[in-house]
Amino acid sequence: EGEVLFDHQKIFGPSPRRGVVFQDAVLFPWLTVLGNVTFGLRHNGYNKNAARQVALECLQRVGMEQHAKAWPVTLSGGMRQRVAIARILALQPQALLMDEPFSALDANSREHLQDTLVSLWQKERHTILYITHSVEEAAYLADRVLIFGPAPDNLHADISVDLPRPRRRSSAQVQQLARQLRQQLNQLPCCLTPLFRGKP
């Protein structure tokens, strides 16, 4: 039981003020890239021309404007996630909720999209709640890291991150933060190394 507040108000359901990006890009396969991004706009009062203009601007921001006429089935995983992010940005949410959005991608695509996300954040300054199991990803992206225990309501650590931007993944500061996060994780019961006894 409990409640969730957004801007001091209780949340009772979905809202365009909060955008969600899932681990797998949930695109409509029967719509083009442009159609996927304009879909939410058309259902929020935009006419066809206005929706198209906003959608193209958002696709440009994530580097997908040249693929506006493509179908989702022809895109790589990273490209589909870029479209998913553009679709959310088009609605101009005040907060982005991202549930392991890059975890299924290869290393190069994942790092490229992390950099894209940081660039978008620096321009828009959305609040972003980003869920990840990657220590390195948290150290590179976050301004604040919450570490939860085995139970969803068990907050183990709340760590403020005061590292300058732009950050380099290989920098001593980012690597030191990653070590600090690992130390915290190793204190959790689920992360302790098990000891197996042999036969008596």
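The values are calculated or read from the model by the stated rules, or taken from the named source; none is laboratory data. All of these numbers come straight from a predicted model, not from anything done at the bench. Because the Cβ atoms are built from the backbone with ideal geometry, glycine has one as well, and the counts that use them run over all protein chains shown.
Do you know which of the residues in the range 128-162 that are among the hydroxyl-bearing types (Ser, Thr, Tyr) and touching a strand residue (DSSP E or B) at 6+ places or on another chain (Cβ under 7 Å) is nearest to THR116 (Cα to Cα)?
To start, the set of residues in the range 128-162 that are among the hydroxyl-bearing types (Ser, Thr, Tyr) comprises 130, 132, 134, 140, 160.
Okay, now just the ones that are also touching a strand residue (DSSP E or B) at 6+ places or on another chain (Cβ under 7 Å), so 130, 160.
Working: TYR130: 14, SER160: 22 Å.
Out of the qualifying residues, it is TYR130.
Can you find even one residue in the range 88-96 that is surrounded by fewer than 18 Cβ atoms within 10 Å (Cβ to Cβ) and assigned to a loop (DSSP other than H, G, I, E, B)? Steps first, please.
Pass one, the range 88-96, residues surrounded by fewer than 18 Cβ atoms within 10 Å (Cβ to Cβ): 92, 94-95.
Those left that are additionally assigned to a loop (DSSP other than H, G, I, E, B): 92, 94.
Looking through the range 88-96, at least one residue is surrounded by fewer than 18 Cβ atoms within 10 Å (Cβ to Cβ) and assigned to a loop (DSSP other than H, G, I, E, B).
Just the residues that are touching a residue at least 24 places away in the same chain (Cβ under 8 Å), outside any loop (DSSP other than H, G, I, E, B) and closer than 14 Å to PHE28 by Cα, please, taken from the range 53-76.
Matches in the range 53-76: PRO72, VAL73.
Conditions first: (1) touching a Pro at 6+ places or on another chain (Cβ under 9 Å); (2) part of a helix (DSSP H, G or I); (3) at pLDDT below 90. VAL118 passes all but one, so which condition is the exception?
(3)
One line per residue, one yes/no per condition, for (1) at pLDDT 90 or above; (2) in a loop (DSSP other than H, G, I, E, B); (3) surrounded by 14 or more Cβ atoms within 10 Å (Cβ to Cβ); (4) in contact with a helix residue (DSSP H, G or I) (Cβ under 7 Å, 6 or more places away or on another chain):
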site: SER103; (1), (2), (3), (4): no, yes, yes, no
site: SER109; (1), (2), (3), (4): no, no, yes, yes
site: ALA138; (1), (2), (3), (4): yes, no, yes, yes
site: ASP158; (1), (2), (3), (4): yes, no, no, no
site: ARG167; (1), (2), (3), (4): yes, yes, yes, yes
site: LEU185; (1), (2), (3), (4): no, no, yes, yes
site: CYS190; (1), (2), (3), (4): no, no, no, no
site: ARG197; (1), (2), (3), (4): no, yes, no, no
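Among HIS133, HIS126, which is the only one that is surrounded by fewer than 15 Cβ atoms within 10 Å (Cβ to Cβ) and either modelled with pLDDT under 95 or over 30 Å from ARG61 (Cα atoms) (or both)? Write out each step before concluding.
Numbers: HIS126 fails: surrounded by fewer than 15 Cβ atoms within 10 Å (Cβ to Cβ).
Step by step, each of HIS133, HIS126 is checked, and only HIS133 is surrounded by fewer than 15 Cβ atoms within 10 Å (Cβ to Cβ) and either modelled with pLDDT under 95 or over 30 Å from ARG61 (Cα atoms) (or both).
If we keep just the residues of the range 44-69 that are closer than 14 Å to ARG87 by Cα and among the basic types (Lys, Arg), which is modelled with the highest pLDDT?
Among those residues, the one meeting the criterion is ARG52.
Can you tell me how many residues in the range 23-75 are of a type in the set (S, T, N, Q), loosely packed, with under 15 Cβ neighbours inside 10 Å and under 20 Å from the mean Cα position of the chain (by Cα)? It would help to see each step written out before you state the result.
Pass one, the range 23-75, residues of a type in the set (S, T, N, Q): 23, 32, 36, 38, 44, 47, 49, 53, 60, 66, 74.
Filter once more, so that each one left must be loosely packed, with under 15 Cβ neighbours inside 10 Å: 44, 47, 49, 53, 60, 66, 74.
Going one step further and asking which of them are under 20 Å from the mean Cα position of the chain (by Cα), we end up with 60.
Result for the range 23-75: 1.
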